[in-house]
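The values are calculated or read from the model by the stated rules, or taken from the named source; none is laboratory data. Quick caveat, the model's predicted, so the values are computed rather than measured. Cβ: placed from backbone, ideal geometry, glycine included. Neighbour counts: every protein chain shown.
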Amino acid sequence: MAMNEMSNQKAHTFRRFKEGETAADWDLEEKIFQADHSYKCPTYVHKTPPCQGSCPSGHEIRGWLAIARGMDKPPVEDMPWQEYAFQRMAAANPFPATMGRVCPAPCEAGCNRNEVDDYVGINAVEQYVGDWANENGVKLPEAGADTGKKVAIVGGGPAGLSAAYFLRLDGHAVTIFEAHEELGGMMRYGIPGYRTPRSMLDTEIGRIIDLGVEVRTGTRVGTDVTVEELEANYDAIYWAMGAQNGRPLPIPGWEGTDNCINGIEFLDAFNQGYVLGTAQKVVVVGGGDTSVDVASVARRLGHITQVRQPEHPDGTLIDFTGHDVASSLTREGMKATLTSLFPVEQMTAAEREREDAMREGIEIKGGVMPLEVIKGEDGKAIALRMCECDMDGMTPVPREGTEFEIECDIIIAAIGQMGNFDGLEELDGGRGFIDAGATYQVKGRDKHFAGGDIIRPHLLTTAIGHGRVGADVISDYLDDGDIHRRPKVDVHHFNLLRELHQRGKDPAEYDHQQKRGTSSADWAIHNYEDRSASQIIPHDELFKGHFEFVPREQRKEVHIEGDEVLGNFEERIIGLTEEQARTEGERCMSCGMCFECDNCVIYCPQDAVHRVKKADRTVGRYVYTDYNACVGCHICMDVCPTGYIKMGLGE
């Protein structure tokens, strides 16, 4: 590869040998001859890959990347691989098209491939599969058999919708109570449509509702429906109401000032289609993803001169989307400034979003803290007084003599969120959140559970994961009242028995007769151990020398600069092609699971490792060991790229 082609690629970070070396630093011959003194033989140990362990929704990422690469074939003839991959995704997260666009991808930060060249483009493959499923009308699995139990879900955002989906798979009747007129929560009302296209969102939400979920929109629990009514009519209640109230700036001059608002109000109004007068000079105080969205939307809206929502001739308000409103207004050049307590490179907002914001003309000031709102004679804010600061943990320490002012027509605070407990004061566990335990059960309330931002504001994918786990916990509760302890690695795991079942290769029924050894029995899964619920496999358990440098397939993005951003609400990300998605699947190192490379078969000096008969193979069941020939040299373990082979005690 030419140097100019590599200029945008991450530099190599791993080499099997140093420059000039030609041999390994171990003596394989001595290892072989000493091996028969060992009573250890290879066993196949499944562990959770770090991408999956890093994913708050618990995606079985390695599993659907194996499908993309063509290793794991669909169990049904003529099923497209994309449909099979979608089903594997939806087993943990029913919003792949949405999350493939907006999730900041902690899975990619945790990817072991970072130790070789560059992470696998997990988000990009997720978006490709999600978009393919939307375009081809792929459905979710059918609801489970009716249990006769009813669950009320308060809030139709990512946590509530996720919980509704998994509860319907378990066969429970579900009713969602949503205060807004449409479902989606922060996916719809907190993120602008150029990041989460509304038609895409409607499709992914519609799949869940089609499972038989009852929906009551425009209904606020605590005002329109009481908690007592829910307790009387439902067997369990899941609180997923989100954190809809923004936190005010704790500085003099903020309270009661008309043109000082919070970011949640701003985005909610924009996404509902209200006309916003953002003026020509906007200051956004924050540093996280929400603050970047606020600044980007304000920048796109420009200087809005229309001051009220348009009406029909009969006086009723026109129901514009945020995009329609934006495109119907007069805009002039405007200036948006985003400030952060942390330096720019340490902001919690995703790096890509920061770079896009700066490219679009948003000025970002890092390492500064607000001191006071400066007001004019009319009582409105005209400037924000600030100073440079250093961070002591999460506490800003001002630098003396660095004070300055930023002129503004509006100040928007995006520094945090909390729940709205009007009419629900008894549920407030403190600081505007519900207090839930390790199993998401509301403390002191037997049939109440909670998840999403109302217990801890975080990522959308975190809320989706809360919904999945919450539904599992509620099913436990509705079954016999006993809630099982959650696993240490609480994600959606690969299950070898499930894999064997879908291929029609279930083990025979155990006759419960005690016998010596199981190596020839057909009622046992031989030579396999599943540690995925408790262990994540680190990169140093992999044979990384197996992997060559392969550039990551990167999604293209539409970059707009300066005043070109005014009024532009087109989607920025261009998805991968099928070929690119498959190439990224091939880059996955399949950490903790065999990916059928044949290294152990090829390098075994005793010819003790063999492929399983083709008719009996499944994912995780590709090779076996002849213990009569094995001498315990553990070369197979040394050359296993995925860390799937470990040495355990034999006879």
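Is it true that Leu161 is of a type outside the set (Val, Ile, Thr) and not in a helix (DSSP H, G or I)?
On the way: of a type outside the set (Val, Ile, Thr): yes; not in a helix (DSSP H, G or I): no.
So Leu161 fails the test.
Would a scan of the stretch 394-407 turn up a residue that is touching a residue at least 40 places away in the same chain (Cβ under 8 Å), among the aliphatic types (A, V, I, L, M) and in the same structural domain as Pro457 (by TED's automatic domain parsing)? Even if it seems obvious, please write down each step before you answer.
Initial filter on the stretch 394-407 (touching a residue at least 40 places away in the same chain (Cβ under 8 Å)): 396, 406-407.
Subset that is among the aliphatic types (A, V, I, L, M): 406.
Checking the rest, the ones that are also in the same structural domain as Pro457 (by TED's automatic domain parsing) come to none.
Checked against the condition, which is being touching a residue at least 40 places away in the same chain (Cβ under 8 Å), among the aliphatic types (A, V, I, L, M) and in the same structural domain as Pro457 (by TED's automatic domain parsing), the stretch 394-407 yields no hits at all.
Matching residues to (1) assigned by TED's automatic domain parsing to the domain that holds Leu424; (2) more than 19 Å from the chain's Cα centre (by Cα); (3) under 21 Å from Gly432 (Cβ atoms); (4) of a type outside the set (Asp, Glu):
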site	(1), (2), (3), (4)
Arg168	yes, yes, no, yes
Gly171	yes, yes, no, yes
Phe177	yes, yes, yes, yes
Arg188	yes, no, no, yes
Gly193	yes, no, no, yes
Leu211	yes, yes, no, yes
Glu214	yes, yes, no, no
Gly218	yes, yes, no, yes
Thr226	yes, yes, yes, yes
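Answer yes if at least one residue in the stretch 362-369 is of a type in the set (A, V, I, L, M, F, W, C), surrounded by 14 or more Cβ atoms within 10 Å (Cβ to Cβ) and outside any strand (DSSP E or B), and no otherwise. I'd like the intermediate steps shown before the answer.
So in the stretch 362-369, the residues of a type in the set (A, V, I, L, M, F, W, C) come out as 362, 364, 368-369.
Keeping just the survivors that are surrounded by 14 or more Cβ atoms within 10 Å (Cβ to Cβ) gives 362, 364, 368-369.
Retained after the next criterion (residues that are outside any strand (DSSP E or B)): 362.
Yes, the stretch 362-369 has at least one match.
Given (1) out of contact with any strand residue (DSSP E or B) (no Cβ under 6 Å at 6 or more places or on another chain); (2) modelled with pLDDT of 90 or more, where does Leu301 come up short, assuming only one miss?
(2)
For the condition modelled with pLDDT under 90, over 24 Å from Thr48 (Cα atoms) and within 26 Å of the chain's Cα centre (by Cα), what is the one hit in Glu557, Glu561? Show your work before the answer.
Numbers: Glu561 fails: within 26 Å of the chain's Cα centre (by Cα).
Every option except Glu557 fails the conditions.
So for the stretch 414-424 (the condition being without any contact (Cβ under 8 Å) to a residue 24 or more places away in the chain, farther than 21 Å from Met186 by Cα and not hydrophobic (A, V, I, L, M, F, W, C)), does at least one residue qualify? Can you show your working first?
So the first thing to find is which residues in the stretch 414-424 are without any contact (Cβ under 8 Å) to a residue 24 or more places away in the chain, and the list is none.
There is no residue in the stretch 414-424 that is without any contact (Cβ under 8 Å) to a residue 24 or more places away in the chain, farther than 21 Å from Met186 by Cα and not hydrophobic (A, V, I, L, M, F, W, C).
Consider the stretch 189-204. How many of its residues are surrounded by fewer than 23 Cβ atoms within 10 Å (Cβ to Cβ) and in contact (Cβ under 8 Å) with a residue 24 or more places away in the chain?
Narrowing the stretch 189-204 to residues surrounded by fewer than 23 Cβ atoms within 10 Å (Cβ to Cβ): 189, 192-195, 197-203.
Narrowing further to those that are in contact (Cβ under 8 Å) with a residue 24 or more places away in the chain: 189, 192-195, 197-198, 200-201, 203.
Result for the stretch 189-204: 10.
Just give me the residues in the stretch 424-478 being among the hydroxyl-bearing types (Ser, Thr, Tyr) and either assigned to a helix (DSSP H, G or I) or not assigned by TED's automatic domain parsing to the domain that holds Val225 (or both), in sequence order.
Thr461, Thr462, Ser475, Tyr477
Applying the selection to the stretch 258-273, what residues are among the polar types (S, T, N, Q) and either in a loop (DSSP other than H, G, I, E, B) or within 21 Å of Arg220 (Cα to Cα) (or both)?
We begin by selecting, within the stretch 258-273, every residue among the polar types (S, T, N, Q); these are 259, 262, 271-272.
Across the stretch 258-273, the qualifying residues are Asn259, Asn271, Gln272.
Which ones in the stretch 597-626 are part of a loop (DSSP other than H, G, I, E, B) and surrounded by fewer than 16 Cβ atoms within 10 Å (Cβ to Cβ)?
Going through the stretch 597-626, the residues part of a loop (DSSP other than H, G, I, E, B) turn out to be 597-598, 604-608, 612-613, 617, 619-620, 622, 626.
Matches in the stretch 597-626: Asp598, Pro605, Asp607, Val612, Lys613, Arg617, Asp626.
Being surrounded by fewer than 19 Cβ atoms within 10 Å (Cβ to Cβ) and assigned to a strand (DSSP E or B) is the filter here, so list the residues in the stretch 216-257 that pass it.
Listed by number, the residues that qualify are Arg216, Thr217, Val225, Asn245.
If we keep just the residues of the stretch 332-359 that are small (Gly, Ala, Ser) and surrounded by 19 or more Cβ atoms within 10 Å (Cβ to Cβ), which is modelled with the highest pLDDT?
Keep residues of the stretch 332-359 that are small (Gly, Ala, Ser), which gives 333, 336, 340, 349-350, 357.
Then drop every residue that is not surrounded by 19 or more Cβ atoms within 10 Å (Cβ to Cβ), which leaves 336, 340, 349, 357.
On the way: Ala336: 83, Ser340: 91, Ala349: 78, Ala357: 80.
My answer is Ser340.
Anything in the stretch 133-158 that is closer than 25 Å to Trp81 by Cβ, in contact (Cβ under 8 Å) with a residue 12 or more places away in the chain and assigned to a loop (DSSP other than H, G, I, E, B)? List them, or say none. Talk me through it step by step, then tell me what you get.
From the stretch 133-158, those closer than 25 Å to Trp81 by Cβ are 133-142; that's our starting set.
From what is left, the residues that are in contact (Cβ under 8 Å) with a residue 12 or more places away in the chain are 133-134, 136, 138-142.
Within the stretch 133-158, Asn136, Val138, Lys139, Leu140, Pro141, Glu142 meet the criteria.
Where the second residue is polar (S, T, N, Q) and modelled with pLDDT under 90 and the first is farther than 23 Å from Ser162 by Cβ and lies in the stretch 230-258, which pairs have Cβ atoms under 9 Å and are six or more apart or on separate chains?
These pairs meet every condition: Gly246/Asn262; Gly246/Thr290; Gly246/Gln417; Arg247/Asn262; Arg247/Gln417; Pro248/Asn262; Leu249/Asn262.
Those residues that are touching a His at 6+ places or on another chain (Cβ under 9 Å) and of a type in the set (Lys, Arg), I need them from the stretch 115-159; list them, please.
Lys149, Lys150
When the residues of the stretch 511-541 are filtered to those that are of a type in the set (A, V, I, L, M) and under 25 Å from Arg486 (Cβ atoms), which remaining residue is modelled with the lowest pLDDT?
Initial filter on the stretch 511-541 (of a type in the set (A, V, I, L, M)): 521, 524-525, 533, 536-537.
In the following step, the residues that additionally are under 25 Å from Arg486 (Cβ atoms) were identified as 525, 533, 536-537.
Values: Ile525: 81, Ala533: 93, Ile536: 93, Ile537: 94.
The residue in question is Ile525.
Every residue in the stretch 600-640 that is out of contact with any helix residue (DSSP H, G or I) (no Cβ under 6 Å at 6 or more places or on another chain), at positive phi and modelled with pLDDT of 90 or more, please.
Asp607
Taking into account only those residues within the stretch 70-114 that are at pLDDT below 90 and in a helix (DSSP H, G or I), which is surrounded by the most Cβ atoms within 10 Å (Cβ to Cβ)?
Among them, the one singled out is Val102.
Give the stretch 447-469 a look and list any residue that's within 18 Å of Leu167 (Cβ to Cβ) and either out of contact with any Phe, Trp or Tyr (no Cβ under 9 Å at 6 or more places or on another chain) or of a type in the set (D, E, K, R) (or both), or say none.
Answer for the stretch 447-469, where residues must be within 18 Å of Leu167 (Cβ to Cβ) and either out of contact with any Phe, Trp or Tyr (no Cβ under 9 Å at 6 or more places or on another chain) or of a type in the set (D, E, K, R) (or both): Lys447, Ala463, Gly465, Arg468.
Please indicate, with yes or no, whether at least one residue in the stretch 489-502 is surrounded by 12 or more Cβ atoms within 10 Å (Cβ to Cβ), touching a Phe, Trp or Tyr at 6+ places or on another chain (Cβ under 7 Å) and at pLDDT below 90.
Taking every residue of the stretch 489-502 in turn, none turns out to be surrounded by 12 or more Cβ atoms within 10 Å (Cβ to Cβ), touching a Phe, Trp or Tyr at 6+ places or on another chain (Cβ under 7 Å) and at pLDDT below 90.
Of all residues in the stretch 635-650, how many are within 17 Å of Glu529 (Cα to Cα) and part of a loop (DSSP other than H, G, I, E, B)?
5
Only one of (1) within 27 Å of the chain's Cα centre (by Cα); (2) more than 24 Å from Gln87 (Cα to Cα); (3) surrounded by 21 or more Cβ atoms within 10 Å (Cβ to Cβ); (4) of a type outside the set (Asp, Glu) is not met by Leu384, so which one is it?
Of (1) within 27 Å of the chain's Cα centre (by Cα); (2) more than 24 Å from Gln87 (Cα to Cα); (3) surrounded by 21 or more Cβ atoms within 10 Å (Cβ to Cβ); (4) of a type outside the set (Asp, Glu), only one is false for Leu384: (1).
So Gly63 passes all but one of these: (1) under 23 Å from Leu211 (Cβ atoms); (2) under 11 Å from the mean Cα position of the chain (by Cα); (3) among the small types (Gly, Ala, Ser). Which condition number does it fail?
Failed condition: (2).
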